[in-house]
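Heads up: the structure comes next, in structure tokens.
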Amino acid sequence: MERVETDNIIIAYISRFGLSGIFLFKSLRKIFSWPFPYRASIKQIAFVGARSMLVITVSGLFVGMVLSLQFYDTLVRFGSVGLLGSAVGLSLIRELGPVLTALMVIGRAGSAMCAEIGIMRTDNQIDALDCMAIDSYRYLFAPRMLAGIISMPLLTAIFIIVGIFGGYIIGVWIFGVSAGAYFQSMADTVNLRDVFMGISKSFVFGLIIVWVACDKGYYLHLDKRGIFGSEGVSKITTEAVVISAMAVLFSDYLLSAFIL
């Protein structure tokens, strides 16, 4: 009996993952189909990108300051303070910039996106769109997918630039490291491969965040069968945040291993 129950659980998870894959395929296909809802896409880009700039800027500033503080304390022991800019730049560009930006976007935009779609599902708004022959993939999910793909690299770039400036504040203004040495060491070590790694990660992370958030909200009736209303929406929103964060960290490892 336990063997049968285990097999059923495995089959259910595989089936659910297959539905998620179909959901992603249909949403991405609608990005390249006509007519495309440009106004909805611009609205979502403003929501995911423009409204996240404040939290990304503040986070990037303090992350850069902490990195500079920690690296300075380590490098000064080995007499290599001149490499401070290199350490801060490489850490932000290759790893911390894309990952921390993705985690902040998950908390600010991904959770809200999942809750919005989940409420539309519980209120039968998505069923109403289908009854009126309005393609929900075209008008609900494709604009969000496009917004995630476009906004994440831009937000990552802002995070990295502000983080480097935060490292400059601590390293140069407070600890007295040479400004020329700070930027020269960064220019000597950071190359196009490092920039490509950070930007490519941000594209993938943006797609993952929107995919998981919209998928969990869309399939609320399957994931939380019998649990609707505020309780169901709160549970799938929590699951979306956790799953998307784990997926970002896992894909970060895969991309790093592949590019390196």
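Every read-out reported here was derived from the displayed coordinates using simple, explicitly stated rules and does not represent laboratory data. Source: prediction; values computed, not measured. Note that each Cβ is placed from the backbone with ideal geometry, even for glycine, and that neighbours are counted across all protein chains shown.
State the extension gain, in nm to one decimal, for the chain segment bounded by F250 and R51, taking 0.36 nm per residue of separation less the distance between their alpha-carbons.
Numbers: separation 199, 0.36 × 199 = 71.64 nm, distance 2.66 nm.
Length gained, F250 through R51: 69.0 nm.
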Could you work out the equivalent-ellipsoid semi-axes for the chain, taking the square root of 5 times each eigenvalue of the Cα gyration tensor, largest first, in whole Å? 40, 20, 16
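Just subtract the alpha-carbon distance of E231 and F25 from 0.36 nm times their residue separation and send over the number in nm, one decimal. If you can, show how the numbers build up before the last one.
On the way: separation 206, 0.36 × 206 = 74.16 nm, distance 2.91 nm.
Computed gain between E231 and F25 is 71.2 nm.
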Out of D215, D194, D130, any idea which swings most in a Gaussian network model of the chain, alpha carbons joined below 10 Å? D130
Taking neighbour Cβ counts within 10 Å as the exposure measure, how do Y218, Y137 sort from fewest upward? Y137, Y218
Under a plain spin-label model, where a point goes 7 Å from the Cα along Cα-to-Cβ, how far apart in nm are S15 and Q70? 4.5
Springs between alpha-carbon atoms under 10 Å, Gaussian network over the chain: tell me which of R77, R51, R144 tops the mean-square fluctuations. R77
Order by protection proxy (mean Cβ within 10 Å, highest first), peptides 70-76, 122-128: 70-76, 122-128
Ranked from fewest to most other Cβ atoms within 10 Å of their own Cβ, C214, C131 fall in the order C131, C214
Quick check: residue separation of D130 and W34 times 0.36 nm, minus the Cα distance between them. What number comes out in nm? 32.7 nm
Would you mind checking the tilt of helix 229-259 against the longest principal axis of the Cα atoms of the chain, expressed as 0 to 90 degrees and rounded to 10? 50
